[in-house]
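A.B. asks: After the structure tokens below, expect a handful of questions from me.
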Amino acid sequence: MTARPRVLHLTTTGWNEFEGVARAVQALAARIPADHLLCATEASSPGFSATYDLGGSVMPLPWSRRLRDVLHRARPDVIHLHGGEGVAGAALAIPSGTVPTVVSVYGRLTLPSPARPTTWVDHRRANMALHRRVVARSAGLPMLRTALRSGRVAAVCSPDPAVVQALADTGAAFLARGAADAAHERRANWSDRPQVVFAGRAETGRGIDDLLLAHLRARRVRPDLRLLLALLPSPQDSRWRDLRLPGVEVRVGATEDLAGLLAGAQVAALPFRMDATISPAFVAAEAMAVGLPVVAADVACLRCLVSDGGNGRLVGVRRPEELAAALLDVLADEARWRALADGARRSIETDWSWDGAADVVQHAYHHAIAGTPYRTVRHAS
């Protein structure tokens with residue numbers, strides 16, 4: 001691999017620099033020596049045109065329609081395609097035989113349970129349409145296998161061991177478990193007047209209503225308990241924007257200093273009713289990186305990070321009474337809190353650092369450019 005390759009990052013999601021895939025792209029690009037270029041299907045926030053920390057240029061084009069034009073302008077040595085399980089369809093749309101492609105799959109999508117009718121409501125109100133989830137969940141891995149076997153994709157990276165294991169017998173699949181900066185200088189601190197924080201999209205599927213019920217229950221025991229809802233805008237945000245409840249503060253809008261917000265709390269609560277679009281849930285990892293214990297619902301995108309009793313607590317889905325009890329347990333004793341806080345920091349340092357993931361992805365680039373069965377890399381004239 002050349003000392004400084006040109007990497008074209010393509011995202012299958014709208015670009016919002018404060019959310020999932022965009023945060024992963026920025027974290028990896030900051031750690032891998034390369035000339036990084038960025039192109040997204042759409043720019044869903046003004047920050048797209050000002051994203052200079054990738055170390056290269058930005059091309060706000062609808063690449064799915066004008067991909068050949070993008071490749072001609074960018075002339076990359078490797079394409080890095082980022083998305084959820086449905087990213088396989090986009091990978092097969094990339095013209096073959098010109099530029100080697102690495103795909104990052106950030107998680108497997110869950111589907112509603114026939115045994116639990118309420119899950120259909122949760123999924124319908126999520127930021128990814130239900131019919132898209134069904135197609136991506138059923139076709140994602142088979143299409144990735146096809147792309148690997150045919151050489152259309154040189155390598156796949158994922159933080160999800162299940163994805164890597166499912167593809168390992170097909171082609172190059174790498175476990176890249178990045179989620180937060182292990183060297184973060186911010187630290188959460190114990191307080192006798194504790195604050196619980198939720199940060200994420202204003203969606204019913206994120207369990208905000210369950211958290212509010214749990215907060216009111218917990219305040220019967222701890223009247224000094226405070227709850228901060230830091231909500232990213234969504235079509236549902238009016239439901240909580242003007243909320244008035246004891247000890248509850250609601251902020252709607254992008255949080256530029258998320259680490260500072262998390263470090264100012266004593267516990268992060270993420271009572272998701274379903275898996276997020278990508279895995280892991282990065283806000284949980286960023287909370288843990290500043291030594292903040294996490295109380296989370298027992299769903300895959302949080303279970304992969306949170307160890308019950310080790311770095312936080314896991315509770316049942318749609319169980320506000322369990323959530324309240326877990327919050328009180330974490331906050332009942334300073335020694336208990338500090339043990340969980342130390343466990344949270346260690347989890348990022350040993351398993352989920354962006355530095356470790358960047359090393360793996362850089363190896364995948366090397367494999368794609370130099371060691372792939374792909375045809376010789378050539379640029380369009």
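The values are calculated or read from the model by the stated rules, or taken from the named source; none is laboratory data. A quick note: this is a predicted structure, and the numbers were derived from the prediction, not measured. Heads up, the Cβs are rebuilt from the backbone with ideal geometry, glycines too, and the neighbour counts pull from every protein chain shown. Each accessible area value is taken on the protein alone, full model and side chains, heavy atoms only, with ligands, DNA and RNA left out. Shrake-Rupley method; radii C 1.70, N 1.55, O 1.52, S 1.80 Å.
A.B. asks: Output yes when any residue across the stretch 333-349 is under 30 Å from Val87 (Cα atoms), part of a helix (DSSP H, G or I), in contact with a strand residue (DSSP E or B) (Cβ under 6 Å, 6 or more places away or on another chain) and touching a residue at least 60 places away in the same chain (Cβ under 8 Å), and no when none is.
C.D. replies: Yes, there is a match, as at least one residue in the stretch 333-349 is under 30 Å from Val87 (Cα atoms), part of a helix (DSSP H, G or I), in contact with a strand residue (DSSP E or B) (Cβ under 6 Å, 6 or more places away or on another chain) and touching a residue at least 60 places away in the same chain (Cβ under 8 Å).
A.B. asks: From (1) within 17 Å of Ala27 (Cβ to Cβ); (2) open to solvent by 10 Å² or more (accessible area, probe 1.4 Å), pick out the condition that doesn't hold for Ala358.
C.D. replies: (2)
A.B. asks: Going residue by residue through the stretch 317-324, is there one that turns out to be within 17 Å of the chain's Cα centre (by Cα) and not in a loop (DSSP other than H, G, I, E, B)?
C.D. replies: Checking the stretch 317-324: not a single residue is within 17 Å of the chain's Cα centre (by Cα) and not in a loop (DSSP other than H, G, I, E, B).
A.B. asks: Still on this structure, I have one more. Is the stretch 43-52 home to any residue that is open to solvent by less than 50 Å² (accessible area, probe 1.4 Å), at pLDDT below 70, closer than 26 Å to Ala182 by Cβ and not in a helix (DSSP H, G or I)?
C.D. replies: yes
A.B. asks: While we're looking at this one, here's another question. Filter the stretch 94-112 down to the residues that are surrounded by 14 or more Cβ atoms within 10 Å (Cβ to Cβ) and either more than 29 Å from Gly205 (Cβ to Cβ) or modelled with pLDDT under 70 (or both) and list them by number.
C.D. replies: Ile94, Ser96, Thr98, Val99, Pro100, Thr101, Val102, Arg108, Leu109, Thr110, Leu111, Pro112
A.B. asks: Name the residues in the stretch 230-273 that are outside any strand (DSSP E or B), in contact (Cβ under 8 Å) with a residue 40 or more places away in the chain and small (Gly, Ala, Ser), would you?
C.D. replies: Ser234, Ala254, Ala259, Gly260, Ala263, Gly264, Ala265
A.B. asks: (1) buried (at least 23 other Cβ atoms within 10 Å of the Cβ); (2) modelled with pLDDT under 95; (3) closer than 21 Å to Asp210 by Cβ: which one isn't true of Arg303, the others all being true?
C.D. replies: (1)
A.B. asks: Just wondering, is there one or more residues in the stretch 250-270 that are crowded, with 16+ Cβ neighbours inside 10 Å, over 29 Å from Glu185 (Cβ atoms) and either of a type in the set (Val, Ile, Thr) or touching a Leu at 6+ places or on another chain (Cβ under 7 Å) (or both)?
C.D. replies: The answer is no, given that none of the residues of the stretch 250-270 is crowded, with 16+ Cβ neighbours inside 10 Å, over 29 Å from Glu185 (Cβ atoms) and either of a type in the set (Val, Ile, Thr) or touching a Leu at 6+ places or on another chain (Cβ under 7 Å) (or both).
A.B. asks: Shifting gears a bit: Check Arg137, Arg226 and return the single one that is open to solvent by 50 Å² or more (accessible area, probe 1.4 Å), at pLDDT 90 or above and among the basic types (Lys, Arg).
C.D. replies: Result: Arg226 is the single residue among Arg137, Arg226 that is open to solvent by 50 Å² or more (accessible area, probe 1.4 Å), at pLDDT 90 or above and among the basic types (Lys, Arg).
A.B. asks: Take the conditions in contact with a Cys (Cβ under 8 Å, 6 or more places away or on another chain) and at pLDDT 85 or above and apply them to Phe198. Does it pass?
C.D. replies: Here the answer is no, as Phe198 does not meet what is asked.
A.B. asks: Can you tell me which of (1) among the charged types (D, E, K, R); (2) modelled with pLDDT under 80; (3) touching a helix residue (DSSP H, G or I) at 6+ places or on another chain (Cβ under 9 Å) is the one Asp77 doesn't meet?
C.D. replies: Going through (1) among the charged types (D, E, K, R); (2) modelled with pLDDT under 80; (3) touching a helix residue (DSSP H, G or I) at 6+ places or on another chain (Cβ under 9 Å) one by one, Asp77 breaks only (2).
A.B. asks: Please enumerate the residues belonging to the stretch 156-190 that are open to solvent by 50 Å² or more (accessible area, probe 1.4 Å) and within 20 Å of Leu28 (Cβ to Cβ).
C.D. replies: Passing the criteria: Pro161, Leu175, Arg177, Asp181, Ala183, His184.
A.B. asks: Out of the residues in the stretch 253-271 that are at pLDDT below 95 and among the aliphatic types (A, V, I, L, M), which is farthest from Pro194 (Cα to Cα)?
C.D. replies: Among them, the one singled out is Ala254.
A.B. asks: Look at Arg222 and say whether it is in a helix (DSSP H, G or I), among the basic types (Lys, Arg) and in contact (Cβ under 8 Å) with a residue 12 or more places away in the chain.
C.D. replies: For Arg222, the condition - in a helix (DSSP H, G or I), among the basic types (Lys, Arg) and in contact (Cβ under 8 Å) with a residue 12 or more places away in the chain - is not met.
A.B. asks: Only one of (1) among the basic types (Lys, Arg); (2) farther than 28 Å from Ser191 by Cβ; (3) at pLDDT 95 or above is not met by Arg313, so which one is it?
C.D. replies: (2)
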